[in-house]
Amino acid sequence: QVQTVESGGGLVQPGGSLRLSCVASGNIFVIDAMGWYRQAPGKQREEVALISRGGSTNYKDSVKGRFTISRDTAGHTAYLQMDDLRPEDTAVYFCNAVGYEMLNGHRFDAWGRGTQVTVSS
């Protein structure tokens, strides 16, 4: 099995910054992509940022220019640098990793439990 664990959430004032981290572990052969999603109270989970194995990135329009997704060289850790945070960014942020397991070649789609980000004065 493959697991992802998020960290780095917290309370920040509008205009502030946070850096989220996500570590994927377990029976990993390769991770094709990692992504950050968020879910605010009463709303559906939405995609925030994605990064592929090759380093290609994709962002939700409302976070472009403010958030930056990256991965470490081993490819099992993803980061989300969030700058100029706004109250509407308040949500639980989830990390997702998709890829293939070692030996059995099974596809995995792993989700973490989330980390709370609250933007408030």
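The values are calculated or read from the model by the stated rules, or taken from the named source; none is laboratory data. Just so you know, these numbers come straight off a predicted model, no measurement behind them. Backbone-built Cβ (ideal geometry, glycine too); neighbour counts: all protein chains shown. Protein only, heavy atoms only, side chains kept; ligands, DNA and RNA dropped before computing areas. Shrake-Rupley method; radii C 1.70, N 1.55, O 1.52, S 1.80 Å.
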**Q.** Neighbours by Cβ (under 7 Å, 6+ apart or cross-chain): first from region 35-56, open to solvent by 40 Å² or more (accessible area, probe 1.4 Å); second in a loop (DSSP other than H, G, I, E, B) and of a type in the set (Gly, Ala, Ser)
**A.** Arg53/Gly75
Q. Looking at (1) closer than 20 Å to Gly114 by Cβ; (2) not in a loop (DSSP other than H, G, I, E, B); (3) not hydroxyl-bearing (Ser, Thr, Tyr), can you tell me which one Asn58 breaks?
A. (1)
Q) Is it fair to say Gly99 is modelled with pLDDT of 95 or more and either touching a His at 6+ places or on another chain (Cβ under 8 Å) or part of a loop (DSSP other than H, G, I, E, B) (or both)? A) no
**Q.** The one condition in (1) open to solvent by less than 50 Å² (accessible area, probe 1.4 Å); (2) within 13 Å of the chain's Cα centre (by Cα) that Lys60 fails to fulfil
**A.** (1)
Q. So is Gly42 at positive phi and assigned to a loop (DSSP other than H, G, I, E, B) or not?
A. yes
